[in-house]
Amino acid sequence: MSYFSIEKKSLVSISAITTNTTQTIQTSEVAVTIFNGASLTQLSSSIKYPTITISSNIFSLESGWKYIIHPRFKANNVDGAVTTYLRYYLSDGGVAISSIGTMPIYRDTSSQTAYAQEGCMAYIDATASAKTFSIVAQRVGGSTGITLNGDAAGVNAVARSYVLIKAWR
């Protein structure tokens, strides 16, 4: 009697970059700088971790890997307008390389106004050469800026913005 087995391994690396630095976002598109100089937090890996650095607003990804990038933000706004939301996406030299994420900042419970929220994600193939990208954000609606990592009454001060990075070879 012979036995055959197939062994499958997930050769994947999962990391995150977190920050509690604040930045105010207005109606013009701006590069998000809150991750500047933040270090990579290594969560799990079956192969090793890629080298990822952030300088100013530019994320640099090591070559030889494929990546899924997923930024999430903690944000607040003192305006409280029902129509205020954060719009953000990943950009490579001014060209959008991800879906566009939207994050409602405030919801009036007496109103039927609702927003769809889409996470911003990008697939980046850096197997042939190193790649760079930045995160671009803007405030839509309202009259005052949205503060990334801002604290408000009743908001958990420990919560913070982060970028989740999944990489594989």
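Over all directions, the projected convex hull of the C-alpha atoms in the stretch 1-91 averages 9.8 nm² in area.
Separation between the Thr51 and Ala31 pseudo-spin-labels, each 7 Å from Cα along Cα→Cβ, expressed in nm? Reported label-point gap for Thr51 and Ala31 is 2.1 nm. Using a simple spin-label model with pseudo-atoms 7 Å out from Cα toward Cβ, Thr144 and Val78 lie 0.4 nm apart.
FYI, it's all coordinate maths here, none of it is from the lab. Bear in mind the structure is a predicted one, so any value in this text is a computation, not a measurement. In this analysis, Cβ positions are derived from the backbone assuming ideal geometry, glycine residues included, and neighbour counts consider all displayed protein chains.
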